[in-house]
Amino acid sequence: MCAERILVTGGAGFIGSFLVDLLVKRGERVVILDCLDPQVHPNGAPDYLNGEAEFIEGNVLDREILAPLLKRVDVLYHLASAVGVGQSQYQIDHYTSANTQATARLLDILVNEKHAVRKVIVAASMSSYGEGLYEAPSTGERLRPGLRPESQMEQREWEPLHPRTGESLRPVPTPETEPFQCNSIYAMTKAHQEEMTLMIGRTYGIPAVATRFFNVYGPRQSLSNPYTGVAAIFMSRIKNDQRPVVYEDGKQTRDFISVHDIVEALARIKDTPAADHQSLNLGTGIPLPIAEVARTIARVCGKDIEPDIQNKFRKGDVRHCYADNSKARALLGWEPKVAYENGIRELVEWSEKVEAEDRFEQAAAELRAKGLV
């Protein structure tokens with residue numbers, strides 16, 4: 001079988017670079033398109049960039065760069081994206097441009113110009129769900145309560161309540177059939193990326209798949225970017241002997257999945273026709289309390305640092321959301337293999353070799369100034 005030609009937008013980033021490594025290892029011919037956003041890459045191209053892949057510095061918004069590339073690749077992984085829930089609430093133009101408009105430009109080229117692309121895989125996000133799926137303990141009723149009222153959270157009543165009975169709800173895994181309830185500009189733009197790609201794919205007969213990433217962690221996350229994943233933010237704080245800040249009571253949960261499990265699923269998708277025109281949850285299906293994540297990182301780092309549990313809330317934050325990943329397992333023959341603590345050990349070992357400037361307070365101050373905390 002001849003090697004395929006594959007374009008990875010955002011291929012110098014955290015997830016993209018690991019995907020590039022795996023594809024190159026499997027004999028594919030890979031092209032990376034990445035704008036090297038200074039917030040993510042303050043020192044330019046990272047030293048882990050795979051030398052066997054062709055690297056092009058450029059933006060997906062640049063039609064003159066993107067259109068010729070799409071004429072010479074078979075598969076497109078569109079991972080390029082501005083990432084950051086809180087920041088998106090005040091950098092609205094930037095997030096809409098980098099995510100929604102850039103994807104629109106890419107799709108416009110696929111529809112209106114000659115290209116060789118046989119399949120498109122777009123990175124989507126669990127953030128578009130908003131609150132996950134819940135169950136009423138007394139009746140077993142399944143429901144989506146939506147955002148908790150601020151009046152409730154001001155009383156430090158953190159768990160979502162049944163809108164009629166007032167009982168505390170129990171979180172259950174969220175499947176792909178649940179509709180989006182976006183609570184941030186970031187979540188909306190990720191929904192735009194997914195929905196536009198799948199719709200254009202169906203309309204024009206271009207197989208397309210949207211992968212809804214849950215909380216991805218691992219080496220190569222930017223430890224100096226205060227808008228990145230929470231595990232990396234905690235890592236940066238603890239590495240600098242600072243207590244990681246945890247909002248609410250720390251018992252809110254997220255689904256943390258290793259970057260290695262994510263890229264294995266992504267690599268399988270390109271050769272799995274059964275996944276075409278589908279959305280897939282990529283998570284472990286295991287909810288982890290945020291405060292315990294901070295404690296695990298501190299323990300693995302060998303530091304006696306407790307999280308700073310603030311009992312404050314950020315506007316738009318959800319309480320619980322974790323994946324029902326049965327669809328991805330069935331279609332791809334895939335399952336997450338990296339145990340959480342093993343993944344954290346890998347993150348900690350990698351962090352010992354890189355600089356981690358703690359910019360959390362700067363980001364928190366911006367959120368306070370905008371009235372989001």
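Every listed requirement among (1) outside any helix (DSSP H, G or I); (2) surrounded by 18 or more Cβ atoms within 10 Å (Cβ to Cβ) is met by SER127 save one, (1). The number of residues in segment 174-201 being over 15 Å from the mean Cα position of the chain (by Cα) and either in a helix (DSSP H, G or I) or within 11 Å of VAL122 (Cα to Cα) (or both) comes to 7. Of ARG212, ARG268, all but one fail to be surrounded by fewer than 18 Cβ atoms within 10 Å (Cβ to Cβ), within 19 Å of the chain's Cα centre (by Cα) and either at pLDDT 95 or above or in the same structural domain as LYS337 (by TED's automatic domain parsing) (or both); the exception is ARG268.
Based on this model, can you work out whether ALA80 counts as touching a helix residue (DSSP H, G or I) at 6+ places or on another chain (Cβ under 7 Å) and more than 23 Å from ARG268 (Cβ to Cβ)?
On the way: touching a helix residue (DSSP H, G or I) at 6+ places or on another chain (Cβ under 7 Å): yes; more than 23 Å from ARG268 (Cβ to Cβ): no.
So ALA80 does not fit the description; no.
Note on segment 83-96: residues that are polar (S, T, N, Q), surrounded by fewer than 21 Cβ atoms within 10 Å (Cβ to Cβ) and farther than 12 Å from MET188 by Cα amount to 1. Residues in segment 216-240 that are in a loop (DSSP other than H, G, I, E, B) and hydroxyl-bearing (Ser, Thr, Tyr): SER222, SER224, TYR227, THR228.
Okay, residues lined up against (1) under 27 Å from TYR322 (Cβ atoms); (2) under 21 Å from the mean Cα position of the chain (by Cα); (3) in the same structural domain as ARG254 (by TED's automatic domain parsing):
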{"site": "SER81", "(1), (2), (3)": "yes, yes, yes"}
{"site": "TYR90", "(1), (2), (3)": "no, yes, yes"}
{"site": "ASP93", "(1), (2), (3)": "no, yes, yes"}
{"site": "ALA102", "(1), (2), (3)": "no, yes, yes"}
{"site": "VAL111", "(1), (2), (3)": "no, no, yes"}
{"site": "SER125", "(1), (2), (3)": "yes, yes, yes"}
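Here segment 318-341 is the region considered, the condition is being without any contact (Cβ under 8 Å) to a residue 40 or more places away in the chain and in a helix (DSSP H, G or I), and the residue that is farthest from the chain's Cα centre (by Cα) is ALA330. The set of residues in segment 36-69 that are touching an Asp or Glu at 6+ places or on another chain (Cβ under 7 Å), outside any strand (DSSP E or B), closer than 20 Å to ALA102 by Cβ and not small (Gly, Ala, Ser) contains only LEU36. Within the set ILE238, ILE262, the sole residue that is more than 19 Å from THR296 (Cα to Cα) and either crowded, with 20+ Cβ neighbours inside 10 Å or not assigned by TED's automatic domain parsing to the domain that holds THR211 (or both) turns out to be ILE262. Given the conditions (1) in the same structural domain as SER127 (by TED's automatic domain parsing); (2) over 13 Å from the mean Cα position of the chain (by Cα), which single one is not true for ARG164? Single failed check for ARG164: (1).
The values are calculated or read from the model by the stated rules, or taken from the named source; none is laboratory data. Quick caveat, the model's predicted, so the values are computed rather than measured. With ideal geometry, Cβ positions are generated from the backbone for all residues, glycine too; neighbour counts draw on all protein chains shown.
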